[in-house]
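Peer 1: Have a look at this one.
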Amino acid sequence: MRPNLSWIIPILVLLGLGYLEYIYAYRFCYIGLIRSRSQTAVAIVFIVIFNILYCLILFTWFLLVCLGPGSLKAIPLYNLGEGSKEGFLRPPDFFICNGNGLPEYCSTCHTVKYDRSHHSSKMERCVPVFDHYCLWVGVVIGKNNYKNFMLFMTYLFIMFIYVLITFTIYAPSLRTYRTATGQTVLNPNFIVMYICTAFWIVMLLGLLISHLNLIASNRATIDDLKNRRPQRERLPNNDLWSALCNKQPTQAVIGGQVAGYVSVKHPTLRGARVVFPYYHSDKIYDHGWKENMKAIFGNKYYQWVLPQIHSYRPQDQDTSRIIESEDRLICCRFKEKLIKRIHNDEGDLFVIE
């Protein structure tokens, strides 16, 4: 068994933050401003603001790990035919499926995959609205901790900008380090801090822009990865599902674009569903950038800057509420488009008795 080394990089990041605290608060503020320049008031203000941001960063990181990305409540298979069957669940009117019109199923967690979930090998469970595994903080990012992940990056970005600006103002007058030749230069610790701060500002700015762009259209990182890397669909190894439909799975690439499939309840035919492919450009979860932002950060604007301290608990939800929530995932614009296509006799029709 290979040892788990995923904790090494987060530990290095923590050590780096500790080193930054030492350089900025002690070397720059205390030694550079208080002892060398007698600017005690300025140094105290700098230290207080820096440590407020520092504590916010550590607190959101703590929440990232403790809350986790979330988990799914296991739900039974959908009854795609008419009537009710014991042990089966009434399907949503719209749900994501494979080429056969069957919902994605996790054979490890024994549940239909809903709420845009993916099975995480790191967590050993299905994660709702799975985004990615963050190497830097050592945690999977999903529905439960995505807001805190965004705030973590934002606080970190603001702190580095703050450090860079305040240090740049006083750097010319801090040449107090004397070399072996007697020359007075800037302390090497300050040079390291300056370079690292500039590097992280550029990196975090790119990450923030990338994730804000994803949020604006309600996409996840894994959605973009799927668009770039075609994957053959896999059906669940389940005899019941195999018996429901004779159509063979197809490669989910149409016209050069990666496509998924959506199953739609036929508006007029009983027991019938229609399956359509969808493309990355369809943005099927895009409810408008404002609604997408509110879904992540909260309905009130003041909530956008506050860490999320409560946990999403699907285990507390009734299955009927889960189905209702699943029905609302796909945006109205795309639903209307699919209904029009059904009236035009488009799509693959499936009738299950």
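The values are calculated or read from the model by the stated rules, or taken from the named source; none is laboratory data. A quick note: this is a predicted structure, and the numbers were derived from the prediction, not measured. Heads up, the Cβs are rebuilt from the backbone with ideal geometry, glycines too, and the neighbour counts pull from every protein chain shown.
Peer 1: Looking only at residues that are in contact (Cβ under 8 Å) with a residue 24 or more places away in the chain and outside any loop (DSSP other than H, G, I, E, B) in segment 59-87, which one is surrounded by the fewest Cβ atoms within 10 Å (Cβ to Cβ)? Can you show your working first?
Peer 2: Start the filter on segment 59-87 by keeping residues that are in contact (Cβ under 8 Å) with a residue 24 or more places away in the chain, which leaves 59-61, 63-65, 67-78, 80-82.
If we keep only those that are outside any loop (DSSP other than H, G, I, E, B) too, we end up with 59-61, 63-65, 67, 78.
On the way: F59: 16, T60: 23, W61: 23, L63: 21, L64: 26, V65: 13, L67: 20, Y78: 22.
Residue satisfying both the conditions and the ranking: V65.
Peer 1: Does G16 satisfy the condition of being touching a residue at least 60 places away in the same chain (Cβ under 8 Å) and either aromatic (F, W, Y) or loosely packed, with under 14 Cβ neighbours inside 10 Å (or both)?
Peer 2: Working: touching a residue at least 60 places away in the same chain (Cβ under 8 Å): yes; either aromatic (F, W, Y) or loosely packed, with under 14 Cβ neighbours inside 10 Å (or both): yes.
Considered against the rule, which asks whether it is touching a residue at least 60 places away in the same chain (Cβ under 8 Å) and either aromatic (F, W, Y) or loosely packed, with under 14 Cβ neighbours inside 10 Å (or both), G16 comes out as yes.
Peer 1: Another question about this same structure. Which number in (1) among the hydrophobic types (A, V, I, L, M, F, W, C); (2) at pLDDT 95 or above; (3) farther than 26 Å from E21 by Cβ marks the one condition that M153 misses?
Peer 2: (3)
Peer 1: Here is a further query. If the requirement is being within 23 Å of the chain's Cα centre (by Cα), at pLDDT 90 or above and loosely packed, with under 15 Cβ neighbours inside 10 Å, which of these qualifies: R313, R328? Don't jump to the end; show me each part of the working.
Peer 2: Working: R313 fails: at pLDDT 90 or above.
Exactly one of R313, R328 is within 23 Å of the chain's Cα centre (by Cα), at pLDDT 90 or above and loosely packed, with under 15 Cβ neighbours inside 10 Å, namely R328.
Peer 1: Right, something else. Whether any residue in segment 254-269 is modelled with pLDDT of 90 or more and either of a type in the set (K, R) or closer than 23 Å to Y133 by Cα (or both) is what I want to check.
Peer 2: yes
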